[in-house]
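A quick write-up on the structure given underneath.
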Amino acid sequence: MARLNWIEVRGFRAFGPGPQRVCLTGPMALVWGPNSQGKTSFAEAIEFLLTGKTVRREFLSSATREFADSLRNAHLPDSDRRVEVSAEIVDAAGVAHAVRRVLDADYSPSSACSSTLRIDGAVASDLSSLGVRLSLPPLEAPVLMQHTMRYVLSAKPQDRTDYFKALLELADLEAVRGAIDRARSSLRAPTSPALEALARCQGQAVLTSAFQPLGAGAPTQRRVLDSISDGLERLLSAGPDPVPSSHEDRVAVARRLIEERERGAFPVDALRAGTLVAATGIDAAIWQALDHFATLVAGVDQEASRLAELFTAVLRIPTVGAASGPVDCPVCQTPNALHPARIAELRQHLEESAAFRTARAEALPALRRVTEFADDAQRNVFGSCPAFLGWDDPERARRGFSEEAVIEMLGSASAFARPWSERIAPLRDSLAGVAASAAGLRQITGGINVDALRAEQVGAARVAAAALVGALSAFASTLTAYRGAQGPVVATLEAEVARRSQTTALRDVVLLADQVAPLLESLVLARAHDQVASKLDRAVREIDAATGRVLDAKFDALGDEVGRWWSLLRPEEPTSFAGIQRAGTGRRYIDLKAKLSPEADGSGAHALRDVVAVFSDSQLNCLGLAAFLARTVRAGAGFVVLDDPVPASDDEHRAFFLERVLGELLASSCQVILLTHEQRTWKDAQLRYQHLPLNVFQIALDDPRLGPIIEETADTLDAALNRARPYIGRNHPDVRKTAAERRRDATERLCKLLILQDLHASGNRSANLSDYDGKNLGQLFPLVEPLLTRDPSDSGKLRVIAAQLNPGNHDDTTPSAADLKVSYGNLKAFRRDYLGAATAAPASA
Amino acid sequence: MAATHDPVPLPDNLAALAAQLAPGALAHDLVSLLVDRDPDEWNDALATRVRALLDAEAAGLRDGSA
């Protein structure tokens with residue numbers, strides 16, 4: 001287990017700029033200070049070191065803003081932001097580690113504090129590597145303060161349950177249950193149009209017997225087809241015609257019947273948007289072909305091009321084509337007109353004319369493609385629009401279509417009409433945008449004579465095509481929005497048309513006939529879902545029952561531990577702590593039970609009641625302490641901090657705490673840091689455990705800017721003798737007077753210890769040093785004198801000491817330096833001879 | 001590291017829980033699935049298991065429907 005060597009606090013809560021270090025060389029440190037002197041700040045500093053927060057904020061604040069800027073000392077100057085708690089922690093292997101937590105950001109009105117923890121200079125997330133093991137929230141650190149001790153009792157029932165569960169560290173059980181719950185909740189029954197149609201069929205009285213069988217047993221294609229065929233037979237048998245025997249014929253008759261009945265009904269399909277083919281635009285190669293040809297057209301010698309065929313014929317004449325010198329022109333007969341250079345020029349020209357023709361051949365289809373793009377775009381968008389958009393008023397009237405009619409048909413679902421209606425105008429506008437852009441592009445391409453193609457015409461076509469692409473994109477967006485609003489309107493109208501035409505059932509059965517395979521798969525998935533859900537539900541019930549048994553065992557064990565600490569604090573009382581029981585499943589609530597005995601010593605037949613109902617305030621406090629101690633020991637904490645664990649009003653249990661609880665903690669090698677405002681508790685603890693190397697401190701807050709000052713100051717006989725030692729052999733009257741006072745304190749402590757030693761030896765273990773507070777030497781001496789039996793002269797020596805010291809405390813002649821020296825020696829001899837090893841170890845540094 | 005501290009590792013009560021459940025039962029299977037597994041992986045592990053249960057049930061039903 002880990003233990004502390006020292007703790008140092010700076011700038012944290014009440015603590016000021018001067019670091020205050022508490023050395024913890026022994027198994028127990030005792031810190032005394034009146035109220036509001038910084039004890040709880042010190043306890044919270046340890047909590048902060050261990051956890052990086054203070055649980056007080058969670059327990060005591062009604063709003064997080066109340067704890068804003070609460071960790072940094074309010075009196076530190078603005079320039080001083082250093083708030084830190086340091087410690088030396090010894091791990092289980094005996095290796096000491098420097099630990100330091102620095103506050104990076106204090107609590108704000110809306111956020112938690114943040115801090116940086118370092119172990120031996122390296123940043124760490126927690127202290128687990130040193131064997132410092134924290135418990136689960138809310139009480140993580142082994143630091144008991146008033147607000148943490150009473151939390152278990154003042155918390156809401158659910159929080160109290162969580163507290164004890166945290167003690168038992170049952171969070172993994174909760175997590176298991178939560179994870180399985182989530183897995184169960186994520187199991188969703190499948191849905192499909194076919195299943196929905198089937199459910200409607202099963203709900204129709206006339207079809208129930210046909211489709212009900214599909215709700216049980218393994219779904220097969222044969223059973224599905226039989227149900228559909230049976231359903232159709234039942235529906236068609238109500239009509240005037242005989243029912244066909246084959247399944248296919250029944251479906252065909254049903255379709256015809258639907259068409260007949262719905263003929264002239266509201267044109268629902270006219271609302272349905274079609275599919276829009278995604279616009280791909282015009283390939284770059286098209287534009288390249290047009291650009292290239294326009295460039296050639298601009299640079300070509302039109303007259304030379306026109307004569308290309310003539311040049312070709314001339315060059316085919318062998319005397320010209322193979323001429324090595326000047327020859328006569330075969331066309332105009334000009335002598336020597338065609339010389340080799342001129343013939344080469346004709347050949348070059350003909351090659352250029354061929355490229356021109358190729359380019360023209362490519363430009364022509366390119367220009368057509370641009371025009372087709374405009375045509376395709378317009379055709380595509382018109383084809384995807386709901387049909388009613390293309391109807392003029394007479395056509396609408398003829399078909400009985402109007403927005404008012406739609407609303408009337410929707411009936412109670414008329415709320416669907418508005419979003420649908422609001423999307424009509426944008427759709428119409430975007431449609432017009434496409435039409436206008438397409439017309440613009442067509443106008444440009446229509447005005448182009450390809451043989452006179454100009455680059456600016458190609459540029460204008462490109463711009464118009466880009467505008468058309470933009471218009472198509474805008475149309476696609478409005479169509480998508482329309483389609484979203486159209487869905488519920490069309491579905492409702494279809495149902496209404498079917499209802500008015502009395503084709504609902506027919507439509508559903510025909511839908512099933514059209515979707516036999518999807519229906520069969522949906523039935524398989526639905527059945528699988530039901531079976532798995534049933535198995536999971538049973539598994540959850542079994543896990544809950546098993547969790548209950550685990551909880552029972554855990555609660556019993558924890559109850560025994562809490563009860564053991566309870567009995568150490570309050571042995572043999574008629575009302576005592578009985579144990580922890582889960583209420584119901586124990587997932588939300590637990591009961592803390594009290595045992596009510598008819599006998600004063602707690603014996604006899606007892607009754608069980610809830611502690612919150614029957615425990616006194618003192619008993620509730622004791623339960624809080626017992627629960628905390630059970631947790632600390634269970635967690636294997638190497639140390640525990642107790643801040644005023646026993647209220648001043650609970651004097652009768654103070655002795656049990658000092659004797660039994662502290663003794664039990666020390667016996668289990670748990671280092672104890674006891675903070676108390678009761679000087680009596682502080683003194684008695686020093687006396688009771690004087691055989692141990694205690695660390696004894698006083699804490700005092702004189703200047704809020706400086707913060708609490710912690711001084712190591714023992715209250716033992718050895719400490720009293722040590723305080724007297726500096727005055728030995730000094731002759732100044734004032735010094736000798738002080739020496740006499742110091743020695744008088746030591747003598748009184750010697751007498752009290754002798755009396756207590758005798759009482760303890762005779763079995764009165766509850767006698768305490770504080771029982772003799774206020775007794776002076778004159779009152780103590782008669783009680784001590786009979787105990788000085790080791791040497792007949794001891795009684796006289798003590799009388800002499802008393803006689804010498806008495807004037808020192810009054811306005812009399814002070815004892816001589818020699819007298820004081822003799823009395824000091826005798827006192828040390830008395831301590832050695834009568835108190836022996838009990839006080840042999842120095843109790844102070 | 002500007003933080004408070006990491007969550008306390010969960011103690012192992014799962015083994016005790018599993019011991020309370022009948023071996024071979026789905027409840028035992030599910031709890032055993034989580035023992036010694038990082039709690040961050042629990043949801044995925046259970047979802048996979050439930051998916052497998054569904055697939056197995058569906059496959060059995062399809063076999064019957066063939």
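The values are calculated or read from the model by the stated rules, or taken from the named source; none is laboratory data. Note that the coordinates shown come from a computational prediction; the quantities given were computed from them, not determined experimentally. Positions of Cβ are generated from backbone atoms using ideal geometry, with glycine treated the same way; all protein chains shown enter the neighbour counts.
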(request) Could you figure out which of (1) on the phi < 0 side of the Ramachandran plot; (2) facing chain B (nearest Cβ under 10 Å); (3) in contact with a Lys or Arg (Cβ under 8 Å, 6 or more places away or on another chain) isn't true of A:Gly217? (result) (1)
(request) Could you tell me whether any residue of the stretch A:602-625 is surrounded by fewer than 22 Cβ atoms within 10 Å (Cβ to Cβ), touching a residue at least 24 places away in the same chain (Cβ under 8 Å) and in a strand (DSSP E or B)? (result) yes
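State all residues of the stretch A:74-87 that are at pLDDT below 95 and within 33 Å of the chain's Cα centre (by Cα); if no residue qualifies, say none.
First, pick out the residues of the stretch A:74-87 that are at pLDDT below 95: A:74-82.
If the condition is that a residue be at pLDDT below 95 and within 33 Å of the chain's Cα centre (by Cα), then A:Ala74, A:Arg81, A:Arg82 are the ones that fit.
Residues A:Asp734, A:Asp715, A:Asp758: which one is under 60 Å from the mean Cα position of the chain (by Cα) and either modelled with pLDDT under 80 or of a type outside the set (A, V, I, L, M) (or both)? Full working, then the answer.
Details: A:Asp734 fails: under 60 Å from the mean Cα position of the chain (by Cα); A:Asp758 fails: under 60 Å from the mean Cα position of the chain (by Cα).
The unique qualifying residue is A:Asp715.
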(message) With the requirement that a residue be surrounded by 15 or more Cβ atoms within 10 Å (Cβ to Cβ) and either touching a residue at least 24 places away in the same chain (Cβ under 8 Å) or not aliphatic (A, V, I, L, M) (or both), what does the stretch A:383-407 give you?
(response) A:Ser384, A:Cys385, A:Pro386, A:Ala387, A:Phe388, A:Leu389, A:Trp391, A:Arg396, A:Arg399, A:Phe401, A:Ala405, A:Val406
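Name the single residue, out of those in the stretch A:25-37 being under 22 Å from A:Arg688 (Cα atoms) and surrounded by fewer than 21 Cβ atoms within 10 Å (Cβ to Cβ), that is modelled with the lowest pLDDT. Even if it seems obvious, please write down each step before you answer.
We begin by selecting, within the stretch A:25-37, every residue under 22 Å from A:Arg688 (Cα atoms); these are A:25-34.
Checking the rest, the ones that are also surrounded by fewer than 21 Cβ atoms within 10 Å (Cβ to Cβ) come to A:25-27, A:34.
Details: A:Thr25: 82, A:Gly26: 87, A:Pro27: 94, A:Pro34: 85.
Residue satisfying both the conditions and the ranking: A:Thr25.
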(request) Name every residue in the stretch A:532-553 that is facing another protein chain (nearest Cβ under 8 Å), touching a residue at least 60 places away in the same chain (Cβ under 8 Å) and within 22 Å of A:Ala630 (Cβ to Cβ), in order of residue number. (result) A:Thr547, A:Val550
(message) So A:His529 passes all but one of these: (1) more than 9 Å from chain B (Cβ to nearest Cβ); (2) under 30 Å from A:Ser192 (Cβ atoms). Which condition number does it fail?
(response) (1)
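Listed here are the residues, each with its yes/no results for (1) farther than 15 Å from A:Glu521 by Cα; (2) surrounded by 15 or more Cβ atoms within 10 Å (Cβ to Cβ); (3) touching a Leu at 6+ places or on another chain (Cβ under 9 Å).
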position: A:Leu207; (1), (2), (3): yes, yes, yes
position: A:Thr220; (1), (2), (3): no, yes, yes
position: A:Arg223; (1), (2), (3): no, yes, yes
position: A:Ala238; (1), (2), (3): yes, no, no
(request) Could you please let me know if A:Pro109 is over 20 Å from the mean Cα position of the chain (by Cα), more than 8 Å from chain B (Cβ to nearest Cβ) and not charged (D, E, K, R)? (result) no
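Okay, residues lined up against (1) crowded, with 20+ Cβ neighbours inside 10 Å; (2) closer than 15 Å to A:Ile710 by Cα:
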{"site": "A:Met1", "(1), (2)": "no, no"}
{"site": "A:Gly11", "(1), (2)": "yes, yes"}
{"site": "A:Pro17", "(1), (2)": "no, yes"}
{"site": "A:Gln20", "(1), (2)": "yes, yes"}
{"site": "A:Lys39", "(1), (2)": "yes, yes"}
{"site": "A:Glu44", "(1), (2)": "yes, no"}
{"site": "A:Asp69", "(1), (2)": "no, no"}
{"site": "A:Leu76", "(1), (2)": "no, no"}
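For the stretch A:122-131: of the residues being surrounded by fewer than 16 Cβ atoms within 10 Å (Cβ to Cβ) and at pLDDT below 95, which is nearest to the other protein chains (Cβ to nearest Cβ)?
Step one: list which residues in the stretch A:122-131 are surrounded by fewer than 16 Cβ atoms within 10 Å (Cβ to Cβ), which gives A:122-123, A:125, A:128-129.
Now restrict to residues that are at pLDDT below 95: A:125, A:128-129.
Working: A:Ser125: 5, A:Ser128: 8, A:Ser129: 11 Å.
Applying the filter and picking the extreme gives A:Ser125.
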(message) Out of the residues in the stretch A:414-444 meeting the condition of being more than 47 Å from the chain's Cα centre (by Cα) and among the basic types (Lys, Arg), tell me which one is nearest to A:Glu372 (Cα to Cα).
(response) A:Arg442
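Residue-wise test of (1) among the aromatic types (Phe, Trp, Tyr); (2) surrounded by fewer than 21 Cβ atoms within 10 Å (Cβ to Cβ); (3) under 26 Å from A:Asp291 (Cα atoms).
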{"position": "A:Ala436", "(1), (2), (3)": "no, yes, yes"}
{"position": "A:Ile448", "(1), (2), (3)": "no, yes, yes"}
{"position": "A:Asp451", "(1), (2), (3)": "no, yes, yes"}
{"position": "A:Glu456", "(1), (2), (3)": "no, yes, yes"}
{"position": "A:Val463", "(1), (2), (3)": "no, yes, yes"}
{"position": "A:Ala471", "(1), (2), (3)": "no, no, yes"}
{"position": "A:Val489", "(1), (2), (3)": "no, no, no"}
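Just to be sure, is A:Arg462 of a type in the set (Lys, Arg), within 23 Å of A:Thr445 (Cα to Cα) and in contact (Cβ under 8 Å) with a residue 40 or more places away in the chain?
On the way: of a type in the set (Lys, Arg): yes; within 23 Å of A:Thr445 (Cα to Cα): yes; in contact (Cβ under 8 Å) with a residue 40 or more places away in the chain: yes.
Taking the combined requirement at face value, the residue satisfies it.
When the stretch A:132-154 is examined, which residues are found to be more than 11 Å from chain B (Cβ to nearest Cβ) and either within 23 Å of the chain's Cα centre (by Cα) or modelled with pLDDT of 90 or more (or both)?
If we filter the stretch A:132-154 for residues that are more than 11 Å from chain B (Cβ to nearest Cβ), which is where we start, we get A:138-139, A:142-154.
Hits for the stretch A:132-154 are A:Pro138, A:Leu139, A:Pro142, A:Val143, A:Leu144.
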(message) Looking only at the stretch A:176-199, how many residues end up being within 14 Å of another protein chain (Cβ to nearest Cβ), part of a helix (DSSP H, G or I) and touching a residue at least 60 places away in the same chain (Cβ under 8 Å)?
(response) 6
(message) Going residue by residue through the stretch A:200-214, is there one that turns out to be under 30 Å from A:Thr64 (Cα atoms) and within 14 Å of chain B (Cβ to nearest Cβ)?
(response) no
(request) Considering only the stretch A:81-175, give the helices (runs of 4 or more DSSP H) lying wholly within it that have at least 1 residues that are without any contact (Cβ under 8 Å) to a residue 60 or more places away in the chain, over 30 Å from A:Ile590 (Cα atoms) and in contact with a strand residue (DSSP E or B) (Cβ under 9 Å, 6 or more places away or on another chain). (result) none
(message) Regarding the stretch A:558-577, can at least one residue be identified that is within 14 Å of chain B (Cβ to nearest Cβ), out of contact with any Cys (no Cβ under 9 Å at 6 or more places or on another chain), in a helix (DSSP H, G or I) and surrounded by fewer than 17 Cβ atoms within 10 Å (Cβ to Cβ)?
(response) no
(message) Tell me whether the stretch A:672-685 contains one or more residues that are under 38 Å from the mean Cα position of the chain (by Cα), modelled with pLDDT under 90 and over 15 Å from A:Gln146 (Cα atoms).
(response) no
(request) Could you look through the stretch A:634-665, keep only residues that are under 30 Å from A:Gly774 (Cβ atoms) and aliphatic (A, V, I, L, M), and pick out the one that is nearest to the chain's Cα centre (by Cα)? (result) A:Leu642
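Check A:Val99, A:Val95, A:Val55 and return the single one that is away from every other protein chain (no Cβ under 12 Å) and surrounded by 20 or more Cβ atoms within 10 Å (Cβ to Cβ).
Numbers: A:Val95 fails: surrounded by 20 or more Cβ atoms within 10 Å (Cβ to Cβ); A:Val55 fails: away from every other protein chain (no Cβ under 12 Å).
Only one candidate passes the filter, namely A:Val99.
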